[in-house]
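Asks: What follows is a structure written as structure tokens; I'll ask about it next.
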Amino acid sequence: MTDTNETDVVRGAEGMPDVAPKADVAAIDDVEEAMRDVVDPELGINVVDLGLVYDIKVETDNTATID
């Protein structure tokens, strides 16, 4: 028996939506926490604790600018 509400499944890139779903804007604290994973290879200390991150700005399109 076939359901009349069935839809064909398209697999691969052709089945992907044209526009990505809108994501929430990242919090500045989340960006700073992610930057703690960036370690200076010579000193072995993350760039936040070294004091190399002066400012973080996050735009509405989730673009982060880090000074």
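The values are calculated or read from the model by the stated rules, or taken from the named source; none is laboratory data. All values derive from a computational prediction rather than experimental measurement. Reconstructed Cβ throughout: ideal geometry from the backbone, glycine too, with neighbour counts over all protein chains shown. Side chains included, ligands, DNA and RNA excluded: accessible areas come from the protein's heavy atoms. Shrake-Rupley method; radii C 1.70, N 1.55, O 1.52, S 1.80 Å.
Asks: How do Met16, Met35 rank by accessible surface area computed with a 1.4 Å probe, from largest to smallest?
Replies: Working: Met16 125, Met35 40 Å².
Correct descending sequence by accessible area is Met16, Met35.
Asks: Sticking with the crude label model, points 7 Å out along Cα→Cβ, report the distance from Val47 to Met16 in nm, one decimal please.
Replies: 2.7 nm
Asks: Further, regarding this structure: Using DSSP to define loop residues, name the GluC sites (Glu not before Pro) in the range 14-67 whose beta-carbon has at most 11 other beta-carbon atoms within 10 Å.
Replies: Loop-located and lightly packed - Glu42, Glu59.
Asks: Restrict the search to the range 13-67; then list the trypsin sites (Lys or Arg not before Pro) that DSSP places in a loop and that have at most 10 other Cβ atoms within 10 Å of their Cβ. Intermediate results must be reported in sequence, preceding the final value.
Replies: Values: sites: Lys22, Arg36, Lys57; in loops: Lys22, Arg36.
Those satisfying the criteria are Lys22.
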